[in-house]
Structure formats: C-alpha cells, structure tokens
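See structure below.
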Amino acid sequence: MLSNFDTNTTEAKIQGLSVQVGELFADLWKQGSYESDHALEAYKSLRRLLPTEDFSDRHIGATAAHKATQGAS
C-alpha cells in the first residue's frame, strides 16, 4: 500500500525536504560547486527515509523528487 502524504505528515515533510534539497543539488551542480556532492548525499539520505512503492524499489514520491534534481519543476 502506498503511503498517503495527506495522512502521514512526517513522510510529507520528508518528501518536501527531499524536493528542496534536490533543487539545491541541481543549482549547485549547474554552478560547478563541489558542495553539490554534499547536497546529493543529503538528498539520497532523505529519500531513503521514505517507504518504497508497492512492487518497486522506488521510494514514494520518486518522480517529483527526481524532477527536482534535474532542474525541472
């Protein structure tokens, strides 16, 4: 069963933070900053806190989080 961000505020906060950190990573990477490695590690750590989707190894909210790392909204 998929988690519901409407009823699980902790997972909703983690998802929101992972999107923000993904965007930060994308910005730092575009700037050529060595700090982008740290932002990427923070992003991955946040994503690992979320449960995986049914029948998949992907964590819930993966599409939105991935788009953030690519500089897309």
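The values are calculated or read from the model by the stated rules, or taken from the named source; none is laboratory data. Model, not experiment: these values are computed from the prediction. Note that we place each Cβ from the backbone using ideal geometry, even for glycine, and neighbour counts take in every protein chain shown.
Data table
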{"read-out": "GLU23 being modelled with pLDDT of 85 or more, assigned to a helix (DSSP H, G or I), surrounded by 15 or more Cβ atoms within 10 Å (Cβ to Cβ) and not basic (Lys, Arg)", "value": "yes"}
{"read-out": "In the range 26-66, the residues that are touching a residue at least 40 places away in the same chain (Cβ under 8 Å) and within 22 Å of THR10 (Cβ to Cβ)", "value": "LEU50, PRO51, GLU53, ASP54, ILE60, GLY61, ALA64, ALA65, HIS66"}
{"read-out": "Whichever residue in the range 26-56 is part of a loop (DSSP other than H, G, I, E, B) and hydrophobic (A, V, I, L, M, F, W, C) and, among such residues, is surrounded by the fewest Cβ atoms within 10 Å (Cβ to Cβ)", "value": "PHE55"}
